[in-house]
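Enquirer: A single structure is presented below for examination.
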Amino acid sequence: MRAIFIKALADLRRRRLQATVIFLTVLFAMAAGTTAVTLMSQTRDPYQVAFEKQRGAHLQVAFRPNTDPQLIQGTAATIGASAYGGPYPASNIQFRFGDRKFYVDAVGRDNPGGAVEVLNITSGRWPVANDEIVLTRSFSELNKISVGDRLKVTSVAQTPTLTVVGEVVDIDEGSADLSSQRAWMLPAALPALSTPDSSFYLMDYRFPSDPTGPQLQTSLGLLKTSLPPGSVAGALTYLLIGSIFNITNQILTGVLVAFSVFALAATVAIVATLVTGIVISAYREIGIMRAVGFTPYQVVQVFALQIVMPALAACLVGVTAGTLASQPLLANSSHALGLAYRPTFSIGLDLLLFAGGILVVAVAATVPALRAGMLKPIVAITKASAPRGSGGRMLRHAAARLRLPRPVVLGIGDAFARPLRAALTLITVLLGVATVVVAVGLPRSFELINNSETGAGKYQVVVTRSSAYPDSDVMRVLNAQPETARVVASGGQNVIVPGVGDPVNTRLFRGDSSRLGYMVVAGRWYSAPGEVVAPAALMHDAHLKIGDSFTGTANGQPLQLRLVGETYDINNLGHSLFMDIATMASVTPAVEPFLYDVTLAPGSDVSAYVRRVAAVEPDLLDVRASDTSTIAPVKIIDLVLLILAGVLALIGVGGVFNTVLLNTRERIHDTATLKALGMSPRQVIVMVGASAGLLALVGGLVAMPLGLSLHHVLNDVISNSAGNETPPVAYAVFNAYELVLIPLLGVGVAIAAALIPGRWAARTNVVEVLHAE
Amino acid sequence: MDGRTFFRAFRGGGGGKNGMSELVRLTEVTKVYQGGITGALNGVSLLVEKGEFTAIMGPSGSGKSTLLNLVAGLDRPTSGSVAVGGMDLGKLGEAGLARFRRDNIGFVFQFFYLLPNLTSLENVLIPAQLKGSEATARARELLGQLGIQDIADRFPARLSGGQQQRVAIARALINSPTLLLADEPTGALDTHTGDQVMELLGKLNRDGQTILLVTHDAKLATRHAARVISVMDGKIVDDARLESPERAASEVIRVRSEEASR
């Protein structure tokens, strides 16, 4: 065994460059893989832990204010809930902090404890007076509001001021960047802040065991039938909230897993190429090893060991790095859930990954090394290296017919002289380029979707009115501004859609909403009252297809609706409706717009406009420039994609470099002959570069459709996880020149990587090489 | 000049005849390899005229191949100068030397050194293509002249040693070099095939091709070359102009014996 180690170590020292390539590729693959697996195994747990710890509600239902609280309380027994909280009086209030205004659902509760929805106070204390309020930590952090800050309520005429006395984590709602938020006050404080159209009761239910989606729908159906019609204003399940919490990590995990598999496949290809190359170039050495007494098995061990040793180090560093890299994301999840962060990883899992990585590399190295073990000593000594076939001949002839310079023709032939090696190299290039395509495309798709959600470029100012300030006055103020080019006003209403358990949030527009930038996935945007558009999840749950008519219910009154298009909307994970406000003309009480998307004339000063309109009624109008920034989770995914693309591209370059290095070393005798025949150093470099360039070009050309398909699939996976289908425009984010430029860039990088072996070959001393025969 | 070959030894920087068609001039050339205590060549001076068929003889390690490599511009002298066709090779860079070889030198190796993944025809064409010229017709003509036109599309692995060396000679001639260098061209061949190859070189020389041949086989050298230079321990120990093959053989063999017994 000692002899095997000594020989393997000696070989490792001699092949330092190749050992470095192995170390780096295995390191990248293991780091990405470990991050993915750690996230995957740990992200589900924090939510469940927090849900249990805070006795989260499996079902939350909002009731209209005219519903009898006694009846509401009785629903817990009706649906078989094992525990309940409420009914809590609640009201949607608007408050002003600094020059900004916010909406929250203020809930009246005496204390943060109880049988359901225990609120985890992370800062400050629970309110003890009617002018005190507690906010969610997520909301406070997002909007930079601290304990002690004072908030002026603007949704009631008295405009009372509240003091923030605490921050809590509530397991029963999503984070502030993705969901509307609650705030808590003493129940006695609520009446003074409520208006008839903003009040409701909130009830939390908890079941003996975690119910499934259909079980929850059944319970909700039972609950509705036990109350007067129209009593239920809305409902929320723990499944939806869990999805909202986990969606970022789920998407991230999916992306990481996909690309970790890529990285591992590329690593296997590189290891196999490398060992094959070493075996081919070491025929004579193998013969000598056998002659001095190495058994075939020991020869295999020597070759496998010199690969496994750097891989061992890479796995050690990679698994550690991957575990560390996953921690900020896990810490983020823990923070959002109000859990104290502690390093979250599994030593067992890490050991498994470590062993798995080594095993994969060892197998990838051993299979080609078997060839070395099976060689007959005398054949190996005599032949000195593996015979070469006529691989690459057709390519060379094709290149010659194109009248390319001879060094280029020779290089092109060399690229595929060993077809298996070329194929393995193509795999690494293919995966690298495909990942780059995805990394370029997905952020653009995200940006398009983000722009559609935020109306980027479509409107510049968003005005929200308090219920104390009439719609007509807002319109008068806006229309009086010379810069106002278009105003689209909107309001909201919950609509019951047949087949869908939860009331559906519906956005009602007045004005040309087709110009707000919503993306139409299929069909068309509505053009008349009665017509609606909806995202895929709602269409799926309601079994609706474009062209279908159905009867919705708003405030207990029927509405004849016809679905004319599918749109993209991530709010409520694709459960929303869009229609003209005139569709609700027959519904009482009448729905009035409260939000105004204002498009300014080109060249207008947005800040000046905002200041001027806000000054008209500082307490009752919230005027701000449209926020088109990308939400944090998308930024994280974009960053991870960028890193992965860099890693995979590096592995791809490593693959080409490795192959060109092997080819160049293997063919150094031919190169020396060519130099003896008059090939100049520059021509040698061109020859080696052409070889690398062709591999990268072929890999790149094959990778483009693969990358585009992957971009397509990932778009669909991400859209589907948010309850939508990908709009066609989100696929078509590449310019024609980019489809050419990306593979060409790959060619350029590969040629640059080939310069090292190319220069080495160009500097080779002909006499030494030829005399070494 | 008799129109066939003009040759003469050029010792210690002694003058050659002005106005002669000088092709190769080595002046006090020394070559010491890295770590070498003794030089591979020690102060060698030599003049080769155009049209000569010169054989350089010597035992293994005598420096004869080093001399050939220096003339080909494959290696550089430690001191002294090498000029071919009036061109001082010491003044050329790597690229310049490559162009020089491409334009002026044809090289025939002991082990042929054909590129295994190219056909015979493609191997022959390589030097021309490196110059940027297309010479398929001339390559086929050369293969025909060497009697191997029927193996043009075969790969080296499917050729006999003699056929491979003929392909190598055709490759060496494709650019019509002013100087053909042959390093033990029969060393890897059987006697019969070796004779055929030497006949071929002789014929080329008779057609005007200057040839510088390295061999350790005295009989082979004297049978075909008109001038035989003996090298021993990095020095030229004899430079024989052979009037006739018979005299040459006995003369050269005698000199070799004397040198060997020192």
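Enquirer: Could you grab me the full set of residues in the range A:110-135 that are touching a helix residue (DSSP H, G or I) at 6+ places or on another chain (Cβ under 9 Å) and either surrounded by fewer than 23 Cβ atoms within 10 Å (Cβ to Cβ) or of a type in the set (S, T, N, Q) (or both)?
Expert: A:ASP110, A:VAL118, A:ASN120, A:THR122, A:SER123, A:ALA129, A:ASN130, A:ASP131, A:GLU132
Enquirer: Against the condition over 21 Å from A:GLY56 (Cα atoms), crowded, with 22+ Cβ neighbours inside 10 Å and at pLDDT below 90, how does A:SER155 come out, does it pass?
Expert: Criteria met by A:SER155.
Enquirer: Condition first: under 22 Å from A:TYR518 (Cα atoms) and at pLDDT 90 or above. Now tell me which residues in the range A:550-572 satisfy that.
Expert: Matches in the range A:550-572: A:LEU561, A:ARG562, A:LEU563, A:VAL564, A:GLY565, A:GLU566, A:THR567, A:TYR568.
Enquirer: So if I check each of A:ARG388, A:ARG393, which one is within 14 Å of chain B (Cβ to nearest Cβ) and at pLDDT 75 or above?
Expert: A:ARG393 is the lone residue from the list that is within 14 Å of chain B (Cβ to nearest Cβ) and at pLDDT 75 or above.
Enquirer: Still on this structure: Please report, ordered by residue number, the helices (runs of 4 or more DSSP H) entirely within the range A:669-773 with at least 2 residues that are among the aromatic types (Phe, Trp, Tyr) and farther than 30 Å from A:ALA536 by Cβ.
Expert: Where helices (runs of 4 or more DSSP H) fall fully within the range A:669-773 and carry at least 2 residues being among the aromatic types (Phe, Trp, Tyr) and farther than 30 Å from A:ALA536 by Cβ, they are A:736-763.
Enquirer: Would you pick out the residues in the range A:321-330 that are free of Cβ contacts under 8 Å to residues at least 60 places away in the same chain and surrounded by 16 or more Cβ atoms within 10 Å (Cβ to Cβ)?
Expert: The one that is free of Cβ contacts under 8 Å to residues at least 60 places away in the same chain and surrounded by 16 or more Cβ atoms within 10 Å (Cβ to Cβ): A:GLN327.
Enquirer: Out of (1) within 31 Å of the chain's Cα centre (by Cα); (2) modelled with pLDDT of 90 or more; (3) within 20 Å of A:ALA422 (Cα to Cα), the odd one out for A:HIS712 is which?
Expert: All conditions are met except number (3).
Enquirer: Follow-up. State which residue is nearest to the other protein chains (Cβ to nearest Cβ) when the search covers only the range B:147-156 and only residues that are modelled with pLDDT under 90 and crowded, with 20+ Cβ neighbours inside 10 Å.
Expert: B:PHE155
Enquirer: Next up: Cβ-Cβ below 7 Å, separation at least six or inter-chain, first residue in the range A:616-629 and closer than 19 Å to A:SER467 by Cβ and free of Cβ contacts under 8 Å to residues at least 24 places away in the same chain, second buried (at least 22 other Cβ atoms within 10 Å of the Cβ) and of a type outside the set (A, V, I, L, M): which pairs?
Expert: none
Enquirer: Could you say which residue among A:LEU430, A:LEU448, A:LEU442 is part of a helix (DSSP H, G or I), farther than 30 Å from A:LEU620 by Cα and over 19 Å from the mean Cα position of the chain (by Cα)?
Expert: Answer to the selection: A:LEU430.
Enquirer: OK, next. For A:TYR84, work out the one condition from (1) among the aromatic types (Phe, Trp, Tyr); (2) at pLDDT 90 or above; (3) over 30 Å from A:PHE207 (Cα atoms) it doesn't fulfil.
Expert: (3)
Enquirer: Report yes if B:SER230 is at pLDDT 85 or above, within 18 Å of the chain's Cα centre (by Cα) and surrounded by fewer than 21 Cβ atoms within 10 Å (Cβ to Cβ), otherwise no.
Expert: no
Enquirer: Moving on. Is there a residue being away from chain B (no Cβ under 14 Å), surrounded by 18 or more Cβ atoms within 10 Å (Cβ to Cβ) and of a type in the set (Val, Ile, Thr) anywhere in the range A:669-677?
Expert: no
Enquirer: Let me ask another. Restricting to the range B:89-99, give me the number of residues that are within 8 Å of chain A (Cβ to nearest Cβ) and touching a helix residue (DSSP H, G or I) at 6+ places or on another chain (Cβ under 7 Å).
Expert: 3
Enquirer: Can you tell me which residues in the range A:721-773 are surrounded by 15 or more Cβ atoms within 10 Å (Cβ to Cβ) and within 22 Å of A:ASN450 (Cα to Cα)?
Expert: A:SER721, A:ALA722, A:GLY723, A:ASN724, A:GLU725, A:THR726, A:PRO727, A:VAL729, A:ALA730, A:TYR731, A:VAL733, A:PHE734
Enquirer: Something else about it: Out of all the residues in the range B:199-219, which are buried (at least 20 other Cβ atoms within 10 Å of the Cβ) and closer than 16 Å to B:SER65 by Cβ?
Expert: Listed by number, the residues that qualify are B:ILE211, B:LEU212, B:LEU213, B:VAL214, B:THR215.
Enquirer: Could you say which residue among A:ALA372, A:ALA400 is at pLDDT below 85, over 30 Å from A:ASN720 (Cα atoms), surrounded by 17 or more Cβ atoms within 10 Å (Cβ to Cβ) and within 12 Å of chain B (Cβ to nearest Cβ)?
Expert: A:ALA400
Enquirer: Further, regarding this structure: Go through the range A:634-668 and give me each residue that's within 14 Å of chain B (Cβ to nearest Cβ) and either at positive phi or assigned to a helix (DSSP H, G or I) (or both).
Expert: A:ASN663, A:GLU666, A:ILE668, listed by residue number.
Enquirer: Being surrounded by fewer than 22 Cβ atoms within 10 Å (Cβ to Cβ), in contact with a Ser or Thr (Cβ under 6 Å, 6 or more places away or on another chain) and outside any helix (DSSP H, G or I) is true for just one of A:ASP619, A:ASP627. Which residue is that?
Expert: Answer to the selection: A:ASP619.
Enquirer: Looking only at the range B:104-118, filter to residues that are more than 15 Å from the chain's Cα centre (by Cα) and more than 7 Å from every other protein chain (Cβ to nearest Cβ); which one of those is farthest from B:ALA55 (Cα to Cα)?
Expert: Ranking the qualifying residues of the range B:104-118, first place goes to B:LEU118.
Enquirer: Also, I was wondering about something else. Which of the numbered conditions does A:PHE416 fail, given that it passes all the others? Conditions: (1) closer than 20 Å to A:LEU661 by Cβ; (2) crowded, with 24+ Cβ neighbours inside 10 Å; (3) modelled with pLDDT under 85.
Expert: All conditions pass for A:PHE416, except number (2).
The values are calculated or read from the model by the stated rules, or taken from the named source; none is laboratory data. Everything numeric in this text was worked out from a predicted model, so none of it was measured. All Cβ positions, glycine included, derive from the backbone under ideal geometry; neighbour counts span all protein chains shown.
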